[in-house]
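K.L.:
Below is the structure I would like to discuss, written out as structure tokens.
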Amino acid sequence: MKVESQQLKAFLLDAGLLSEKQFNECLEKSKELNCKIDDILVSEDYITQEELIKLKAYILGIPFVDLEKEVIAHDVLRMIPEAIAKANNIIAFRKNASSLEVAMLDPEDLRMIEFIKKTTDLRILPRLTTPESIKNVILQYQKTLQAEFGELIKNEGADGLSLSESKGGKFKNPKGEESFKMIKDDEKGEEKEEKEELKKVAEEMPVIRVVDTFIKHAILQRASDIHIEPTEKEVLIRYRIDGILRDAMTLPKRAASGIVARIKVLSNLKLDEHRLPQDGRFKVESEEWRYSLRVSTLPVSNGEKIVMRLLPETSRAVDLKKLGFRGFQLELIEETLKKTMGLVLITGPTGSGKTTTLYSMMDILNEPGVNISTIEDPIEYQMPRINQTQVNAKIGLTFSSGLRTLLRQDPDIIMVGEIRDNETASLAINAALTGHLVLSTLHTNSAGGAIPRLIDMKAEPFLIASTVDLIVAQRLIRCLDEQKEEYRLKESDIKDLSRYCDPKRILKILKEEKIVAPSATWRTIPFFHPIPTKNCPDGYVNRIGIHETLAVSASIKDLIMKNSTADNIQAQAKKEGMITMFEEGFIKAAQGTTSIEEVLRVIVE
């Protein structure tokens, strides 16, 4: 089963996707580069990969299947072993008494079809699908967290592994298969007597497998944090996914000491210190991903609580549009970033995506002609051509001391991960005043609140007015899944909203932004409720930013000089056209991206 180039050419020409000359040019290029013409057609944007696969399916008379959101029965999936499925991009997804339907990327792979036929003793029905579908189904080979922990607890005590047996290196799951690699922060050993004591604790249950398992599942579920919380009778493991903490698993109380000790070993923390908080980190790696885990321990009434922040090392800066910035906001940011000096501030609570926005801005600024230096805690993404420095308070390398050193490194652009104290604020403002473009973050609830916060840090109002060019406040809201329920607001709903906002102003903004028709009213605008599904239990998937972008105009500078309140600065910015985060949230709700309930949860609650 092969689509000849002439067959493909005939269908592409008939569909008007390209001319004969263009097709021949692509064919020649594929011969020069020794690759398939499919790759050239997709890279030249004549056709998308999914459209090409659908076209091939039509030519060959093979059905096309989209499995991106499908959940495959476990017994069917396992008919093709995971290693073979991964290596050959082929998966089993439907079975009846005499046949097995398999989805694949290469219909020419007759050898693999014959192999599966022999091993299953069924008639094989090939189907074409997309790489995204294959990737989604491959993830389903992983057992549920409940199932894996169930096996571990059931086999408690059997084949237990002690802490001292694993000093980094590769760990194995309950079946003995290689899972992923954990890398200690430091390979310094503990004293022998401490090792022996911890070995006894660790052998109470297969602790290495447990830690391996819940970290793996946290990564697969896109968690940003893992919470390990000892209670009076058990250990509660929770994941923060899309900003919401969710219970993942409860373990027996006796598992607590082993889990804590295991994580301390990996993070190079003091194993016998249970009264003081500690901070550390380690890494986990697999073929698909690489994560750095930032570890924090805290003594609580029932033992030690551990929180691990998962930082993907393979992440890259995201385009500002994909972060949720639109129209005038984008123009304002791009215009400000063209300046060679000044201070740009991103504000919001912890976990609101401030650092991601800073990285996106640096990606725009990252050109051969500039020297960009950063001082961060932690370094979340590695960026080429940017000099990134990690804060290390233990040796005296703080934001303020690091920033002072950076100023002697001939930088054009400086990124300070966070302005936390008076000295860092003073240094950042002076750097902006002396010819540097400075990017940083603050913990404030609104864009206008950044000014009083700087004044609280002993910054002079006239210096703030002279240096701060742009303040962006932001939050992250969850996006609705594709399955959602449309509805219209009732009069009572509109009345409730007036407690939090000015409905007339928001309706005016929706019309000015051309989100709704000029004749629209609150009663006619469609909004959406989430619909819980098996794949999305709460009806939401992923997150996007909502922002308010405050340009420091002449009138705002006058208010700064007068030590005006955050509310006065915010009100003036709104008069000058700033759309608040709340209003931005309503724009995204009216577009069907999120729900009104989610906007209220993030902004009001």
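The values are calculated or read from the model by the stated rules, or taken from the named source; none is laboratory data. Keep in mind the model is a prediction, meaning the values are calculated, not measured. Reconstructed Cβ throughout: ideal geometry from the backbone, glycine too, with neighbour counts over all protein chains shown. Remember, those area values only see protein heavy atoms, side chains included, never the ligands or the DNA or RNA. Shrake-Rupley method; radii C 1.70, N 1.55, O 1.52, S 1.80 Å.
K.L.:
With the requirement that a residue be touching a Lys or Arg at 6+ places or on another chain (Cβ under 9 Å) and of a type in the set (Gly, Ala, Ser), what does region 257-302 give you?
P.N.:
Ser267, Gly280, Ser286, Ser292, Ser296
K.L.:
Looking only at residues in region 401-424 that are closer than 18 Å to Glu460 by Cα, of a type in the set (D, E, K, R) and in a loop (DSSP other than H, G, I, E, B), which one is least open to solvent (accessible area, probe 1.4 Å)?
P.N.:
Result: Asp421.
K.L.:
Looking only at region 308-355, count every residue that is of a type in the set (A, V, I, L, M, F, W, C) and either at positive phi or open to solvent by 40 Å² or more (accessible area, probe 1.4 Å) (or both) and tell me the total. Steps first, answer last, please.
P.N.:
In the first step, residues of region 308-355 are kept if they are of a type in the set (A, V, I, L, M, F, W, C); the result is 308, 310-311, 317-318, 320, 323, 325, 328, 330, 332-333, 337, 341, 343-346.
Filter again for either at positive phi or open to solvent by 40 Å² or more (accessible area, probe 1.4 Å) (or both), leaving 318, 328, 341.
Qualifying residue count for the region: 3.
K.L.:
So which residues in region 14-54 are open to solvent by less than 60 Å² (accessible area, probe 1.4 Å) and part of a helix (DSSP H, G or I), if there are any at all?
P.N.:
Scanning region 14-54 gives Phe23, Cys26, Leu27, Ser30, Ile37, Asp38, Ile40, Leu41, Val42, Leu52, Ile53.
K.L.:
Still on this structure, I have one more. As an exercise: evaluate Lys305 against (1) closer than 24 Å to Tyr381 by Cα; (2) part of a strand (DSSP E or B) and give the number of the one condition it does not meet.
P.N.:
Failed condition: (1).
K.L.:
Moving on. Tell me, which residue of region 214-237 that is more than 18 Å from the chain's Cα centre (by Cα) and assigned to a strand (DSSP E or B) is surrounded by the fewest Cβ atoms within 10 Å (Cβ to Cβ)?
P.N.:
Leu236
K.L.:
Output the qualifying pairs, or none if there are none: Cβ atoms under 8 angstrom, residues six or more apart or on different chains, first residue in region 324-336 and within 17 Å of Leu365 (Cβ to Cβ), second residue modelled with pLDDT of 90 or more and part of a helix (DSSP H, G or I).
P.N.:
Qualifying pairs under 8 Å: Phe325/Ile333; Ile333/Met361; Glu334/Ile364.
K.L.:
Something else about it: I'd like the full set of residues that are over 13 Å from Glu132 (Cα atoms), modelled with pLDDT of 90 or more and either out of contact with any strand residue (DSSP E or B) (no Cβ under 9 Å at 6 or more places or on another chain) or open to solvent by less than 80 Å² (accessible area, probe 1.4 Å) (or both), limited to region 65-100.
P.N.:
Answer for region 65-100, where residues must be over 13 Å from Glu132 (Cα atoms), modelled with pLDDT of 90 or more and either out of contact with any strand residue (DSSP E or B) (no Cβ under 9 Å at 6 or more places or on another chain) or open to solvent by less than 80 Å² (accessible area, probe 1.4 Å) (or both): Ala92, Phe93, Ser99, Leu100.
K.L.:
Confirm whether Arg240 is on the phi < 0 side of the Ramachandran plot, of a type outside the set (Val, Ile, Thr) and open to solvent by less than 20 Å² (accessible area, probe 1.4 Å).
P.N.:
Working: on the phi < 0 side of the Ramachandran plot: yes; of a type outside the set (Val, Ile, Thr): yes; open to solvent by less than 20 Å² (accessible area, probe 1.4 Å): no.
Spelling it out, it is not the case that Arg240 is on the phi < 0 side of the Ramachandran plot, of a type outside the set (Val, Ile, Thr) and open to solvent by less than 20 Å² (accessible area, probe 1.4 Å).
K.L.:
Taking region 500-532 as the search range and keeping residues that are assigned to a helix (DSSP H, G or I) and among the hydrophobic types (A, V, I, L, M, F, W, C), which one is most open to solvent (accessible area, probe 1.4 Å)?
P.N.:
Ranking the qualifying residues of region 500-532, first place goes to Leu507.
K.L.:
Write out, first by first residue and then by second, each pair whose Cβ atoms fall under 8 Å of each other, whose residues are 6+ apart or on separate chains, and whose first residue, in region 15-31, is within 13 Å of Ser43 (Cα to Cα) and charged (D, E, K, R) while the second is modelled with pLDDT under 85 and open to solvent by less than 70 Å² (accessible area, probe 1.4 Å).
P.N.:
Going by the 8 Å Cβ cut-off, the qualifying pairs are Lys29/Ile40.
K.L.:
State whether the residues of region 380-398 include one that is open to solvent by less than 40 Å² (accessible area, probe 1.4 Å) and farther than 24 Å from Ser360 by Cα.
P.N.:
Looking through region 380-398, none of the residues is open to solvent by less than 40 Å² (accessible area, probe 1.4 Å) and farther than 24 Å from Ser360 by Cα.
K.L.:
Kindly list the number of the only condition in (1) modelled with pLDDT of 85 or more; (2) of a type in the set (Ser, Thr, Tyr); (3) open to solvent by less than 10 Å² (accessible area, probe 1.4 Å) that fails for Tyr141.
P.N.:
(1)
K.L.:
Continuing with the same structure: All but one of (1) more than 30 Å from Leu251 (Cβ to Cβ); (2) at pLDDT below 85; (3) assigned to a helix (DSSP H, G or I) hold for Gln146, so report the exception by its number.
P.N.:
Status for Gln146: all satisfied but (1).
K.L.:
Restricting to region 381-400, what's the tally of residues that are in contact with an Asp or Glu (Cβ under 8 Å, 6 or more places away or on another chain) and in a helix (DSSP H, G or I)?
P.N.:
The total comes to 2.
K.L.:
Evaluate the following for Val370: is it touching a strand residue (DSSP E or B) at 6+ places or on another chain (Cβ under 7 Å), open to solvent by 40 Å² or more (accessible area, probe 1.4 Å), modelled with pLDDT of 90 or more and among the aliphatic types (A, V, I, L, M)?
P.N.:
So Val370 fits the description; yes.
K.L.:
Only one of Leu454, Leu439, Leu427 is within 29 Å of the chain's Cα centre (by Cα), among the hydrophobic types (A, V, I, L, M, F, W, C) and crowded, with 22+ Cβ neighbours inside 10 Å. Can you tell me which?
P.N.:
The conditions single out Leu439.
K.L.:
Being over 17 Å from Gly585 (Cβ atoms), of a type in the set (D, E, K, R) and open to solvent by 30 Å² or more (accessible area, probe 1.4 Å) narrows it down to one of Lys495, Lys484, so name that one.
P.N.:
The conditions single out Lys495.
K.L.:
Report yes if some residue within region 583-594 is farther than 22 Å from Lys504 by Cβ and open to solvent by 10 Å² or more (accessible area, probe 1.4 Å); otherwise report no.
P.N.:
yes
K.L.:
Next question. Can you tell me how many residues within region 245-276 are on the phi > 0 side of the Ramachandran plot and either at pLDDT 90 or above or crowded, with 23+ Cβ neighbours inside 10 Å (or both)?
P.N.:
Of the residues in region 245-276, 0 are on the phi > 0 side of the Ramachandran plot and either at pLDDT 90 or above or crowded, with 23+ Cβ neighbours inside 10 Å (or both).
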